[in-house]
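Novice: Let me begin by handing over the structure; questions about it come next.
The values are calculated or read from the model by the stated rules, or taken from the named source; none is laboratory data. All values reported here derive from a predicted model rather than from experimental measurement. Using ideal geometry, Cβ is built from the backbone for each residue, glycine included, and neighbour counts are taken over all protein chains shown. When the accessible area is computed, the model is the full protein with side chains, heavy atoms only, and any ligands, DNA or RNA have been set aside. Shrake-Rupley method; radii C 1.70, N 1.55, O 1.52, S 1.80 Å.
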Amino acid sequence: MALLQIFEPGMSTAPHQHRLAVGIDLGTTNSLVASVRNGVSAVINDEQGRGLLPSVARYSVDGPVEVGYGAQAKQSEDPHNTIVSVKRFMGRGLSDLQKTIDTPYRFVDAPGMVQIKTAAGVKSPVEVSADVLKTLRVRAETALGGDLVGAVITVPAYFDDAQRQATKDAAKLAGINVLRLLNEPTAAAVAYGLDNASEGVYAVYDLGGGTFDISILRLTRGVFEVLATNGDSALGGDDFDQRIYCWILEQTKLSSLGAHDVRLLLTKAREAKEALTKHPETAITAVLSTGQIVDLILTSLSFAGMTENLVNKTLSPTRKAMRDAGLGIEDIKGVVMVGGSTRMPHVRRAVGEFFLQNPLTNLDPDKVVAIGASIQANILAGNRSADEMLLLDVIPLSLGIETMGGITEKIIPRNSTIPAARAQKFTTFKDGQTAMMIHVLQGERELVSDCRSLAKFELRGIPPMVAGAARILVTFQVDADGLLSVSAREQSTDVETRVEVKPSYGLSDVEITRMLQDSYLYAQEDMAARTLREQQTEGNRLLEATESAVAESGGALLTAKELADISLAMATLRETIAGDNHRAIKMAAESLNQVTSDFAARRMDMSVRQALSGHRLEEIAASL
Amino acid sequence: MAVTLTSSAADRVQKFLIQRASGVGLRLGVRTSGCSGLAYTLEFADEFNADDIKFESCGVTVLVDPKSLAYLDGTELDFVREGLNEGFKFNNPNIKNQCGCGESFNV
Ligand SMILES: Nc1ncnc2c1ncn2[C@@H]1O[C@H](COP(=O)(O)OP(=O)(O)OP(=O)(O)O)[C@@H](O)[C@H]1O
Ligand SMILES: [Mg+2]
């Protein structure tokens, strides 16, 4: 029998029609599901009362996939088939991974995304994530007593199109209807009710198990804009465990331990670390497989000392993010702490000292993201009154298309709120051109080669017209999840082509951050590069026009001397185009224009004469 | 005539009202719909209506409109946990049969 929950006034649903919606934090280390019940958002626990679900899946030859604590426990025993931290592989190609992480997995290269060979067959990161999500869905449906209408799933702010799409695909595979993908820092801010707070800039400091992320958000009229993100994808709680582990070895003078003892001591180290957030000191005791005994006392003071450099390592990305956002410490209105590792008092202290204010810590730091997502899910599912403002998100990187000369024309600039639709007009470059290649790009840089290619498609069937006459409207549409579709239409004929951009996977977090930073760093260089490309395009256009004019009527209208001058000017222009001095190209183009001006005038006269000779005078008068 | 809360239900409601930080009490009601003809409604109350009938039970203010009260008289609202699921349950002496889902009933 279903149990009832308390609804907001007037919001009781008809029986069997409760709109059950949840928020899911799909983390690298741990995942959670939360929902709003009785007006309060809370994380849904498993049968043992645990909120966290380790994001670990283990595949075996026969038998179902095992997800969570059970799988985590078998990690050292069955490393090939126990997949941890799969979030790092979402939307990534094999070539993206090789340089970054060493893992025990047997990777299989596949178009789009890397796959992993397991005892139960080859699994893609999407499937592994789907198994984690499915476990959470079943947990939520059991606890809430019905089917979910949908979920809000969080992703890091720097996730690109490929990673977002992979996350959505995983949800679909797990039988979850995605109401929206929401940026993790935005979700944390929502959990703290900052979307109802006064407008201003907030910092979200997220130190989890294996990653550190800092995001600077600006809130204006209920919209969170990501001003800057930075971080370290290989810094987290695990490194603090590692420090304690090394300290144990130093103290006991132990060395060359077996795998089992290493894991045992790492677990002890982690327990000690977590105990020290509440106690001034803690005992570390263990009996190793060799019979050796570890019996030590670690104080929070010496723990803080030995890990101070790790804490400091989070501050330099923080400083960079502030610089990218173009802000000073005094601009930050509030600091939100996210991630289990922000429980450590010396981390809180360092962050407080950096921002010159006490960070917000009254919510559970490993639950805030899921809680914020569930609040958003509840609104999207229609369980709150309609006048409550819907929180909007923004696109992380600009979207545009390639134009002549390899230049990126931005159509939707980064930080536009989504959903968004923008259109821009383009035209043909050549006479009689009947097709146009639409190359969709993501990134902040001016040159196509510095941006990321998302898709390429062709608009065909443009009627032959003179260059510049066709009117091609390119429309970009980004849905509420940040996913893009592009259409191109020739307006005089209504020929249309459209694509859903299912991106070719393969850009890493580091790359995204780098692309953003580069765009600031290279702003000047890019402008110069753009000017150069424009001059080159212009120069080529002039060369082409001159060539065809000379071919057509050079023989009749030019003296040998004039022809030689023109050829020389063309050769000079060609030479400068091959170089990289945009001023030189401009000058060469101008002198070509000069030496051809008489020729152009004569061609004009000739075409008027030709036109006249074919018609009677009245006709011409009538047409004037 | 009365509608009451068990102490575990009252505890929960009080906690939710505090977390919600607004509201004057809990509103119970009945409306037509569902597989057995009638269905319960359970909502936070932000204001009193003129014809509300007010009960105090274990420190919680319970509001019921007169029409609903005819179906709810003698009802005890309980808060129970069944496995992972937890929520409120109406123990209503008036009902003849109810749909297996427990949300709709018949008198
Ligand atoms: N009381 C505590 N004191 C110190 N560290 C803690 C405490 N509780 C949890 N942690 C640490 O928090 C980390 C896990 O944090 P969290 O669950 O936020 O990670 P995650 O979001 O899954 O990981 P990531 O952000 O890297 O994807 C672990 O390293 C754990 O040891
Ligand atoms: Mg996290």
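Novice: Stretch residue A:309-residue A:289 to full length: gain in nm at 0.36 nm per residue minus the Cα-Cα span?
Specialist: Roughly 4.0 nm would be gained on extension.
Novice: Here is a follow-up. Just to confirm the filter: which chymotrypsin sites (Phe, Trp or Tyr not before Pro) across segment B:1-93 are DSSP coil and have at most 13 other Cβ within 10 angstrom of their Cβ?
Specialist: The qualifying sites are B:48.
Novice: Hey, another quick one. What 222 nm value per residue comes from the helices of chain A, counting each DSSP H run with n ≥ 4 as -39,500 (n - 2.57) and dividing by all residues, nearest 500 deg cm²/dmol?
Specialist: Result for chain A: -12500 deg cm²/dmol, rounded to the nearest 500.
Novice: Here's another thing I want to ask about it. Determine one quarter of the surface area of the Cα convex hull of segment A:395-500, which equals its mean projected area, and express it in nm² to one decimal.
Specialist: Taking a quarter of the hull surface, the average projection is 5.9 nm².
Novice: If we count GluC sites (Glu not before Pro) as exposed when they sit in a DSSP loop and have at most 12 other beta carbons within 10 Å, what is the longest stretch of chain A that avoids them all?
Specialist: Result for the longest clean stretch: A:389-624.
Novice: Rounded to the nearest 0.05, what FRET efficiency do residue A:85 and residue A:564 give with R0 = 56 Å and r taken as the Cβ-Cβ distance? Could you check?
Specialist: 0.20
Novice: Another one. What FRET efficiency do you get for residue A:302 and residue B:51 if R0 is 51 Å and r is their Cβ-Cβ distance, rounded to the nearest 0.05?
Specialist: E(calc), rounded to 0.05, equals 0.15.
Novice: On average over all directions, what projected area in square nanometres does segment A:525-610 have, based on the convex hull of its Cα atoms?
Specialist: Over every viewing direction, the Cα hull of segment A:525-610 projects on average to 5.6 nm².
Novice: How high is the relative contact order of segment A:197-261? Use alpha-carbon pairs under 8 Å, at least six apart in sequence, and give a whole percent.
Specialist: Reported as a whole number, the value is 26 percent.
Novice: Here is a follow-up. Which of the residue pairs A:313/A:333; A:168/A:320; A:117/A:172; A:253/A:367 have a Cα-Cα distance greater than 28 Å in the structure shown?
Specialist: Correct reply: A:168/A:320; A:253/A:367.
Novice: Please give the per residue accessible area of segment A:102-174, computed with a probe of 1.4 Å over protein heavy atoms only, in Å².
Specialist: On a per-residue basis, segment A:102-174 sits at 33 Å².
Novice: Let me ask another. Please report the net charge: other residues with Cβ closer than 14 Å to the Cβ of residue A:239, K and R +1, D and E -1.
Specialist: Once positives and negatives cancel, what remains is 0.
Novice: What is the gain in length, in nm to one decimal, between residue A:475 and residue A:251 on full extension, counting 0.36 nm per residue of separation less the C-alpha to C-alpha distance?
Specialist: Additional length available on full extension: 74.1 nm.
Novice: Trypsin sites (Lys or Arg not before Pro) within segment A:49-127: which are DSSP loop residues with at most 11 other Cβ atoms inside 10 Å?
Specialist: Those satisfying the criteria are A:99.
Novice: Dipole of segment A:395-500, Cα-centred, from +1 at each Lys and Arg C-beta and -1 at each Asp and Glu C-beta, to the nearest 20 debye?
Specialist: Here the size comes out at about 120 debye.
Novice: Still on this structure: Going by alpha carbons, how many degrees (0 to 90, nearest 10) lie between the helix axis of A:125-144 and the longest principal axis of chain A?
Specialist: Roughly 50 degrees between the two axes.
Novice: Have a look at A:34, A:111, A:159 and report the one farthest towards the positive end of the charge dipole of chain A, computed about the Cα centre with Cβ charges (Lys/Arg +1, Asp/Glu -1).
Specialist: A:34
Novice: Could I ask something else about it? How big is the A/B interface in buried accessible area, both sides summed, 1.4 Å probe, to the nearest 100 Å²?
Specialist: In total, this chain pair buries about 2600 Å².
Novice: Also, quick follow-up: Assign one of three labels to chain A, namely rounded, prolate or oblate, based on the Cα gyration tensor with a ≥ b ≥ c the square roots of its eigenvalues; rounded applies when a/c is under 1.5, prolate when it is not and a/b is larger than b/c, and oblate otherwise.
Specialist: Prolate, because a/c is 1.5 or more and a/b exceeds b/c.
Novice: May I ask you to derive the relative contact order of chain A, considering only C-alpha pairs under 8 Å and at least 6 residues apart, and to give it as an integer percent?
Specialist: Relative contact order, chain A: 12 percent.
Novice: Now, a different point. Say R0 is 30 Å: what FRET efficiency, to the nearest 0.05, do residue A:177 and residue A:404 get from their beta-carbon distance?
Specialist: Once the sixth-power term is evaluated, E becomes 0.10.
Novice: Compute the acute angle (0 to 90°) between the alpha-carbon long axis of helix A:582-595 and the principal axis of greatest extent of the alpha-carbon atoms of chain A; round to the nearest 10°.
Specialist: The angle comes out at about 20 degrees.
Novice: Here is a follow-up. Quote the relative contact order of segment A:149-264 in percent (integer), defining contacts as alpha-carbon pairs under 8 Å separated by 6+ residues.
Specialist: For segment A:149-264, the relative contact order is 18 percent.
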